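The values are calculated or read from the model by the stated rules, or taken from the named source; none is laboratory data. Because the structure is a prediction, the values reported are computed rather than measured. Here the Cβ positions follow ideal geometry from the backbone for every residue, glycine too, while neighbour counts run over all protein chains shown.
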Amino acid sequence: MAACRKARALLWFFALPIALPAQADFEDRLTFEEIQAILSTGIARRDPGKQALGWYKWAIFRETETINRDSAFQYLARSVDLFLTAKDTTAYHRVRAELATRLPERGKANEALRMQQEALDYFRKTQNRRLETLVLAQMARVYQMKGDTAQASALKKAFREKGLLLKDTLLLITVFMDDAARLQSEHNYRDAISLFFRILELSQQSHRNEFIALAEYNIGYLNELAKDYYMALRFLMRAERSISSAYDPLRRDIYRHLSSTYTSLDSLPNALQYARRYMELGDTLLNRDRVATSHRLAVQFSEKERSRQLEELTKEIAAVELSKRQQRDFFYALLLFFGAIILALFFMVRDYRHRLYTNRVIAEQNEKINHQTIRQLEDALRIESMQSMLEGQESERRRIAHDLHDSLGGLLAAAKIRLESLTGKVPVLGSNEEFGKIKSLLDDTIAETRQIARNLQPGTLHQFGLMKAIRDLTGRVRGDGVPAIDFQHFGNFTDIDHTVALNCYRIVQELLQNSLKHAQATEILVQLTRTDNELALLVEDNGVGYDPETTPKGMGTDNVAQRVQFIKGEINIQSARGLGTSTMVTVPLPGAQGFPG
């Protein structure tokens, strides 16, 4: 069952992206550098459509290459918003329907179906049959995850029927793959093999190498399950030649099944070769298992090779003994003697090489463990130093805020009371222009003192949490001559750890101050988003921008970088001279992988 689920996942991974109508750059598989180039170009040209495509590609990259589904969800949501801004309605519904497939795992299956139904209605209204067919398949997946197998089966049937009616080669491949996965799950290997031969034919006609390799791999894999090892070997070898370097997960599975097929055929040298290739592509965390497997195969090969040599030698000696027993007795004894010496030398050399190999592996592992321990100690020391520094900063901020509020604020308030009482005693002062200016200046000083104290020690953060503190922060800087600030928030922020919340508040405060001081912007967007295991902060302006490679970093930028590093976050800055700045900070929350709980 696990193998079946894995095969079905591979089919969906290859099939779903191509079951869409061609849109510029949507189906291209891009590298990290190409994705960053699209984002930079979109920002430089102030092209929301280009930026939306870049965030979409970045989401797919994060999900397929790093298996980070939380980040992918966040970036897909950003892509949806930008496609809406660009008024690209088709792309908006397309990416929104794909975003909906990630909602059931967050307990929002009904919301996912509502979003997909809206996309389905739009594609039917615009008579976009291919996208309509895809959304039917996506809705079937959501119903399946929800546990409504009857509705899922009905939608799958409609998806297959529409795919066949369109007579589109790529959609036909998708339909046949879905049927083949169902047959495989029912252990009907022969019928599934027939369907994959049909998929292979269609893939060759449409020159889609990734589907050619996938079809050849599944034909080989299903023949292996059916115990037709020579046919399995033939198609697995073809798949190895067809696969490109962009699909290493599939290549690793090809290596694994080639190794198991060669083992079934007792071709241990080839089995060992492909086992090593499979292990080189495996996860580095499984390094010890990889070494153990390689060693086990090597030992099995050595034992069988030794047994084969001994058997051949025994047969040869027996043949000589039968034909020339009388004449070759002395030679026979001598031959046995030298055979024993050779065998002893063979074992000695093999054991010596084995000890060298084992010692080398142990030394490499010990060196890696030592380096890792040193890095962990260095990281712990750096984090401890950073924590002490940040705590010292916050302590000093609290002290200064307290002094401003209680000491200087009290003195200013007392001075104001004295001035107001003086007006009652000397009525003529009420009409004096200079006296009015002094009083107004004193009011401004009191307000500025309170503002500084609130910036130094945000009481709203302690009382009401991160979201309301940032809302209060953005609200305090509104006014004439100040850029329009738009604050958006998505998700629940009530259970965020106070240390994380305080550092996030300071990061937003510093980024907002940078935009206000240096950007010369007219609009600033501050966005706060919470997913299951991640918190995302976005500060974006339409100001003059800067070149991150050449512009020297100031104290504020270093402070932001230190706080992001302290809370184990990631920062992504997109900017160019004259074209605004966009800063995205993602922070793992307690429970997320890699978070220092």
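Checking the structure you have, find out if any residue of segment 191-198 is basic (Lys, Arg), closer than 23 Å to Thr133 by Cα and modelled with pLDDT of 75 or more.
Checked segment 191-198: at least one residue is basic (Lys, Arg), closer than 23 Å to Thr133 by Cα and modelled with pLDDT of 75 or more.
May I ask you to verify whether Lys553 is of a type outside the set (Asp, Glu), under 24 Å from the mean Cα position of the chain (by Cα) and assigned to a loop (DSSP other than H, G, I, E, B)?
no
Consider Leu131 carefully, then state whether it is assigned by TED's automatic domain parsing to the domain that holds Leu195 and modelled with pLDDT under 80.
It is false that Leu131 is assigned by TED's automatic domain parsing to the domain that holds Leu195 and modelled with pLDDT under 80.
What are the residue pairs meeting all of these: first residue in segment 104-116, first residue part of a helix (DSSP H, G or I), second residue acidic (Asp, Glu), Cβ atoms under 8 Å, and 6 or more apart or on different chains?
Close Cβ pairs satisfying both conditions: Arg106/Asp532.
Somewhere in segment 434-456, is a residue under 21 Å from Val564 (Cα atoms) and either surrounded by 14 or more Cβ atoms within 10 Å (Cβ to Cβ) or modelled with pLDDT under 70 (or both)?
yes
It is to be established whether one or more residues within segment 70-81 are part of a loop (DSSP other than H, G, I, E, B) and at pLDDT 85 or above.
The answer is no, given that none of the residues of segment 70-81 is part of a loop (DSSP other than H, G, I, E, B) and at pLDDT 85 or above.
Return yes when Gln205 is in a helix (DSSP H, G or I), surrounded by fewer than 19 Cβ atoms within 10 Å (Cβ to Cβ) and of a type in the set (S, T, N, Q) and no when it is not.
Criteria met by Gln205.
Suppose we keep only residues that are small (Gly, Ala, Ser) and out of contact with any helix residue (DSSP H, G or I) (no Cβ under 6 Å at 6 or more places or on another chain) within segment 522-569. Which one would you say is surrounded by the fewest Cβ atoms within 10 Å (Cβ to Cβ)?
Filtering first and then ranking leaves Gly554.
Within segment 15-24, is even one residue more than 23 Å from Leu131 (Cβ to Cβ) and either assigned by TED's automatic domain parsing to the domain that holds Leu99 or at pLDDT 75 or above (or both)? Write out each step before concluding.
Here is the first cut: in segment 15-24, the residues more than 23 Å from Leu131 (Cβ to Cβ) are none.
Among the residues of segment 15-24, not one is more than 23 Å from Leu131 (Cβ to Cβ) and either assigned by TED's automatic domain parsing to the domain that holds Leu99 or at pLDDT 75 or above (or both), which makes the answer no.
Step by step: first the residues of segment 89-119, then only those that are among the small types (Gly, Ala, Ser) and more than 13 Å from Gln138 (Cα to Cα), then the one that is modelled with the highest pLDDT. Which residue is that?
In this case the residue turns out to be Ala91.
Considering only segment 532-546, I want to know if a residue exists there that is modelled with pLDDT of 85 or more, more than 26 Å from the chain's Cα centre (by Cα) and among the polar types (S, T, N, Q).
yes
Just a yes or no: is a residue in segment 320-328 in a helix (DSSP H, G or I), surrounded by fewer than 12 Cβ atoms within 10 Å (Cβ to Cβ), without any contact (Cβ under 8 Å) to a residue 24 or more places away in the chain and among the β-branched types (Val, Ile, Thr)?
no
Could you tell me whether segment 363-371 includes any residue that is assigned to a helix (DSSP H, G or I), under 30 Å from Val500 (Cα atoms) and either in the same structural domain as Arg506 (by TED's automatic domain parsing) or at pLDDT 65 or above (or both)?
Yes, the conditions are met somewhere in segment 363-371.
Looking at the structure I just gave you, is Leu53 in a helix (DSSP H, G or I), in contact with a helix residue (DSSP H, G or I) (Cβ under 7 Å, 6 or more places away or on another chain) and buried (at least 18 other Cβ atoms within 10 Å of the Cβ)?
yes
Restricting to segment 543-574, give me the number of residues that are over 15 Å from Lys517 (Cβ atoms) and in contact (Cβ under 8 Å) with a residue 24 or more places away in the chain.
Residues flagged as over 15 Å from Lys517 (Cβ atoms) and in contact (Cβ under 8 Å) with a residue 24 or more places away in the chain within segment 543-574 amount to 11.
Results for (1) buried (at least 21 other Cβ atoms within 10 Å of the Cβ); (2) under 16 Å from Leu76 (Cβ atoms); (3) small (Gly, Ala, Ser), shown as yes or no for each residue.
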site: Thr89; (1), (2), (3): no, no, no
site: His93; (1), (2), (3): yes, yes, no
site: Ala97; (1), (2), (3): yes, yes, yes
site: Arg106; (1), (2), (3): no, yes, no
site: Gln116; (1), (2), (3): yes, yes, no
site: Val135; (1), (2), (3): yes, yes, no
site: Asp148; (1), (2), (3): no, no, no
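Hey, can you tell me all the residues within segment 117-132 that are without any contact (Cβ under 8 Å) to a residue 12 or more places away in the chain and assigned to a helix (DSSP H, G or I)? Steps first, answer last, please.
Here is the first cut: in segment 117-132, the ones without any contact (Cβ under 8 Å) to a residue 12 or more places away in the chain are 121, 124-125, 127.
Answer for segment 117-132, where residues must be without any contact (Cβ under 8 Å) to a residue 12 or more places away in the chain and assigned to a helix (DSSP H, G or I): Asp121, Arg124, Lys125.
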